[in-house]
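Some notes on the structure that comes next.
The values are calculated or read from the model by the stated rules, or taken from the named source; none is laboratory data. Because the structure is predicted, anything quoted here is derived from the model rather than measured. Cβ atoms come from the backbone with ideal geometry, glycine included; neighbour counts cover every protein chain shown.
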Amino acid sequence: MFIIKFVKDFEFHIPTKVIFGKKALQKIPKEIPILGKKALWAYGKISIKKTGLYEKIKELLSKANIDFVELGEIKSNPLLSKVIEGIELARKYKPDFILAVGGGSVIDTAKAISCGYYYEGDPWDFFEKKATPEKALPIVVILTISGTGSELNEVSVITHDTQKIKHSLRSPLLFPKISFLDPTLTFTVSPEYTAYGAVDAFSHVFEFFINREYKKDFLAEDLMVALMKNILKWSKIAIKDPFNYEARANLMWASSLALCGLIKSGIGTYRFPIHAIEHTLSGGYDIPHGLGLAILMRAWIKKFKENNMIKRFFIKVFDLSAKDRDISDKGLEIFENWLKELRIPINLKEAGIPEEGIEILVDKAFNIFVLYGA
């Protein structure tokens with residue numbers, strides 16, 4: 001019996017308002033007062049003060065008549081302890097919304113605080129699937145680093161301080177209400193973190209592409225291919241010319257679209273095993289998430305380069321010929337050359353991960369697979 005496989009049924013909804021462009025922040029006084037008059041302002045370390053963004057936002061909040069309390073020093077691979085600190089601060093201050101200024105780490109911390117604010121138990125319960133968020137404070141994002149896509153999705157990823165494990169939380173309550181995306185704010189992002197962000201965004205699309213149920217040629221696949229080609233092209237330009245607006249704008253929007261749900265429309269079930277494994281790397285060794293993904297994507301491609309979906313990736317994204325006998329080796333070489341051009345380590349040794357730690361990482365990765373079905 002011949003079975004015809006159709007594009008899978010799906011639901012798609014993004015409740016986030018995106019304000020994109022060089023003048024995006026000018027709309028803050030008009031847009032955010034509808035959420036209230038008091039904000040918990042979350043940000044990273046000293047970069048927003050060095051660049052002058054901190055003072056600019058203070059001025060805009062003043063124009064909007066928004067009072068605020070600050071939660072700074074949020075680090076990469078954000079910690080549960082910072083989430084708890086933020087929840088305690090919020091309960092004292094009672095904000096109407098949370099303003100997250102930064103990249104994925106700041107936004108993910110804000111998301112965890114937003115639902116933890118209304119929960120009497122340990123917020124880690126959400127990440128271990130022991131509890132489900134029932135209410136959350138509204139979130140406003142001012143994006144300063146492209147990569148994670150957290151500005152346009154419902155996911156938060158947090159690391160447990162003592163257990164050294166990283167888990168994710170997904171809830172429709174965590175979609176930001178408004179995300180301000182001004183590509184000029186990424187001009188000062190270092191080449192290193194520009195590269196890590198590009199790899200992070202690329203990995204989201206890559207995993208959807210190779211690990212999907214519906215494997216035919218259709219619209220969602222075309223979108224995936226376009227995004228991956230976009231990231232490959234503009235990441236190299238942004239590294240060489242950090243003030244190139246077109247490069248920064250394309251990377252920013254591609255990163256947002258990569259994990260907002262659009263490109264998984266119709267693909268059916270999917271898995272994110274590379275991300276599941278990477279969470280053990282950055283959770284255990286505190287390396288940049290994008291670095292871990294680069295190493296693991298390269299290893300995955302090398303291991304499964306003869307796989308049909310990997311070959312399809314080579315054909316669609318790298319424009320290699322299906323008739324080429326050396327397609328697998330050529331595809332791997334092109335991917336490795338991209339990482340080298342971005343100056344990213346391509347193996348665990350180069351990243352400083354000790355060999356004796358591999359077995360522990362495997363055990364932790366297995367537990368993540370069991371918890372999330374990755």
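Just to verify a result, which residue in region 115-173, among those that are assigned to a loop (DSSP other than H, G, I, E, B) and either of a type in the set (Asp, Glu) or assigned by TED's automatic domain parsing to the domain that holds Gly290 (or both), is surrounded by the most Cβ atoms within 10 Å (Cβ to Cβ)? The residue in question is Glu154.
Restricted to region 42-87, and to residues there that are within 26 Å of the chain's Cα centre (by Cα) and of a type in the set (Asp, Glu), the residue that is farthest from Thr186 (Cα to Cα) is Glu85. Please determine whether any residue of region 189-196 is of a type outside the set (A, V, I, L, M, F, W, C), touching a residue at least 40 places away in the same chain (Cβ under 8 Å) and touching a Phe, Trp or Tyr at 6+ places or on another chain (Cβ under 9 Å). Taking every residue of region 189-196 in turn, none turns out to be of a type outside the set (A, V, I, L, M, F, W, C), touching a residue at least 40 places away in the same chain (Cβ under 8 Å) and touching a Phe, Trp or Tyr at 6+ places or on another chain (Cβ under 9 Å). All of (1) of a type in the set (Val, Ile, Thr); (2) more than 27 Å from Thr188 (Cα to Cα); (3) under 22 Å from the mean Cα position of the chain (by Cα) hold for Val7 with one exception: (3). Looking only at residues of region 3-21 that are among the basic types (Lys, Arg) and modelled with pLDDT under 95, we find that the one that is surrounded by the fewest Cβ atoms within 10 Å (Cβ to Cβ) is Lys5.
With respect to being farther than 20 Å from His13 by Cα, surrounded by fewer than 20 Cβ atoms within 10 Å (Cβ to Cβ) and out of contact with any Cys (no Cβ under 9 Å at 6 or more places or on another chain), Asn211 fits the description. Residue-level check: of (1) farther than 18 Å from Gly103 by Cα; (2) touching a helix residue (DSSP H, G or I) at 6+ places or on another chain (Cβ under 7 Å); (3) at pLDDT 95 or above, Lys215 misses just (3).
Among residues belonging to region 311-328 that are surrounded by fewer than 13 Cβ atoms within 10 Å (Cβ to Cβ) and not hydrophobic (A, V, I, L, M, F, W, C), point out the one that is nearest to the chain's Cα centre (by Cα). Going through the qualifying residues, I end up with Asp319. So is Ser76 surrounded by fewer than 24 Cβ atoms within 10 Å (Cβ to Cβ), among the hydroxyl-bearing types (Ser, Thr, Tyr) and under 30 Å from Glu192 (Cβ atoms) or not? Yes, satisfied. Within the option set Arg212, Arg170, being free of Cβ contacts under 8 Å to residues at least 40 places away in the same chain, more than 18 Å from Ile231 (Cβ to Cβ) and in contact with a strand residue (DSSP E or B) (Cβ under 8 Å, 6 or more places away or on another chain) holds for one residue only, Arg170.
For (1) outside the structural domain of Gly197 (by TED's automatic domain parsing); (2) more than 28 Å from Lys135 (Cα to Cα); (3) polar (S, T, N, Q), each residue gets a yes or a no:
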{"residue": "Lys30", "(1), (2), (3)": "yes, no, no"}
{"residue": "Trp41", "(1), (2), (3)": "yes, no, no"}
{"residue": "Ser47", "(1), (2), (3)": "yes, yes, yes"}
{"residue": "Lys50", "(1), (2), (3)": "yes, yes, no"}
{"residue": "Ile57", "(1), (2), (3)": "yes, no, no"}
{"residue": "Leu71", "(1), (2), (3)": "yes, no, no"}
{"residue": "Ile84", "(1), (2), (3)": "yes, no, no"}
{"residue": "Arg91", "(1), (2), (3)": "yes, no, no"}
{"residue": "Pro95", "(1), (2), (3)": "yes, no, no"}
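For region 278-313, the set of residues classified as among the charged types (D, E, K, R) and in contact with a Ser or Thr (Cβ under 6 Å, 6 or more places away or on another chain) consists of Lys305, Glu306, listed by residue number.
If you go through region 257-274 one residue at a time, do you hit one that is surrounded by fewer than 20 Cβ atoms within 10 Å (Cβ to Cβ), of a type outside the set (A, V, I, L, M), at pLDDT below 95 and assigned to a helix (DSSP H, G or I)? Yes, the conditions are met somewhere in region 257-274. When restricted to residues that are among the basic types (Lys, Arg) and in contact with a helix residue (DSSP H, G or I) (Cβ under 6 Å, 6 or more places away or on another chain), region 159-209 contains 2.
May I ask you to say which residue of Leu223, Leu296 is within 20 Å of Leu348 (Cα to Cα) and in a helix (DSSP H, G or I)? Answer to the selection: Leu296.
With respect to the stated conditions, Gly103 fails to be on the phi > 0 side of the Ramachandran plot and crowded, with 19+ Cβ neighbours inside 10 Å.
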